Amino acid sequence: MHAGSGGGVFIVGCGYVGQAVARRLRVRGIPVAALTRNPETAAGLAGEGVETLVAELSGTEWHARVPGGITAVVNCVSAGGGGLEGYRRSYVEGMRSLLAWTRTQPGLDTVVYTGSTSVYPGSGGGSIDETAPVGGGERARLLLEAEGLLLGAPGAFRAFVLRLAGIYGPDRDHLARQVRAGAVSGRPEVHLNLIHRDDAAAGVEAALRAPTGVPGGIFNLADDGAATRGEVVAWLAARMGVPPPVFTGEEGPRREGPAPDRIIRSQRARDLLGWRPAYPDFRAGYAGFVSP
């Protein structure tokens, strides 16, 4: 492993994806410390041998409490509610605080940030990569601002921005629950870009392990499914043995305008990081935790 070699990895926002990253690293014998705002999450991590701080990333009081020997950081923070102000506090102010702390850590060599493919407003069902136009509503703007802070930060560390597609996995089965209830949000013809939690965690590890010659920058992480919402929903209904649900046409509460219709490509992560999804499509992923 390059990042963290001889040192530890500090995971901030250690929630759904961050905990999966922590477990992968600990299996390899890599020391892990974590920060979370959730005391229950902290207790669970502590039970697994992870030294965990309970704090808001956007604050600064935690800076002096981070254990020594950290050589890599993973920022997996989520908004955690609170609307747009929650987005700003978690993503933008959280990144500002994290970068202020990194300036006191001369041994740091890598920072990985898990962003979102929601910054791509593409339409028409076309394939897009990291060169595609970005933008959209206020949430997208805040996510891009956090990315810009990291990528523009001075320092000797490499910065990786991993734009994750829609994360699903065990205990993250909102769509399956909608199917079982008989009503699904959104429109069936729109492509649904997904990534299994474990593949997202593997992508983080791949960035941490990237050889010195691999540049940082922006990487998309999505599976190879390229399926429409209608295809995924029909398969889930058949697997669960329930009637095909109706589509409400209404978007989720965090959606700003209609859902973008595009297919996210992850070739750069394959080429430079050697990343491959263990769950290449929704069938492989959902089969592991959605019962017939």
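Please report the orientation-averaged projected area of segment 101-163, defined via the convex hull of its C-alpha atoms, in nm².
If I average the Cα hull's projected area over directions, I get 4.8 nm².
With θ set to phi - 60° and the Karplus curve 6.51 cos²θ - 1.76 cosθ + 1.60, what are the ³J(HN,Hα) couplings of segment 78-86 in order, to the nearest whole Hz, using x for Gly and Pro?
10, 5, x, x, x, x, 5, 5, x
Set the Förster distance to 30 Å, then compute FRET efficiency between THR131 and ALA43 from the Cβ-Cβ distance, nearest 0.05.
0.10
Taking the simple approach of a point 7 Å from Cα along Cα-to-Cβ for both ALA284 and LEU151, what is their distance in nm?
2.8 nm
Ratio of Rg to Rh for segment 203-292, alpha carbon only, Kirkwood?
1.06
Mind putting a number on the dipole of the chain about its Cα centre? Charges go on the C-beta only, +1 for Lys and Arg and -1 for Asp and Glu, and I need it in Debye to the nearest 20.
260 debye
Taking Rh as the Kirkwood radius computed over C-alpha pairs, what is the Stokes-Einstein D of segment 58-170 at 37 °C in a medium of viscosity 0.692 mPa s, expressed in µm² per second?
216 µm²/s
Only helical DSSP H runs with n ≥ 4 go in: add -39500 (n - 2.57) per run for the chain, normalise by residue count and round the 222 nm mean residue ellipticity to 500 deg cm²/dmol.
Roughly -8500 deg cm²/dmol at 222 nm, from the helical runs in the chain.
Relative to the longest principal axis of the C-alpha atoms of the chain, give the angle of the C-alpha long axis of helix 197-209, reported between 0 and 90° and rounded to the nearest 10°.
The angle comes out near 30 degrees.
What is the order of PHE10, PHE282, PHE289, fewest Cβ neighbours within 10 Å to most? Before the final figure, lay out each step's value.
Details: PHE10 29, PHE282 21, PHE289 14.
So the ranking, lowest neighbour count to highest, is PHE289, PHE282, PHE10.
If the viscosity is 1.306 mPa s and the temperature 10 °C, what Stokes-Einstein diffusion coefficient in µm²/s follows for segment 1-81 when Rh is the Kirkwood radius over Cα pairs?
On the way: Rh = 12.5 Å.
Result for D is 127 µm²/s.
So how tilted is helix 138-151 from the main axis of the chain? Cα-based, degrees 0 to 90, rounded to 10.
For helix 138-151, the angle is close to 30 degrees.
Every read-out reported here was derived from the displayed coordinates using simple, explicitly stated rules and does not represent laboratory data. Just so it is clear, the structure is predicted and the values come from calculations on it, not from any experiment. Using ideal geometry, Cβ is built from the backbone for each residue, glycine included, and neighbour counts are taken over all protein chains shown.
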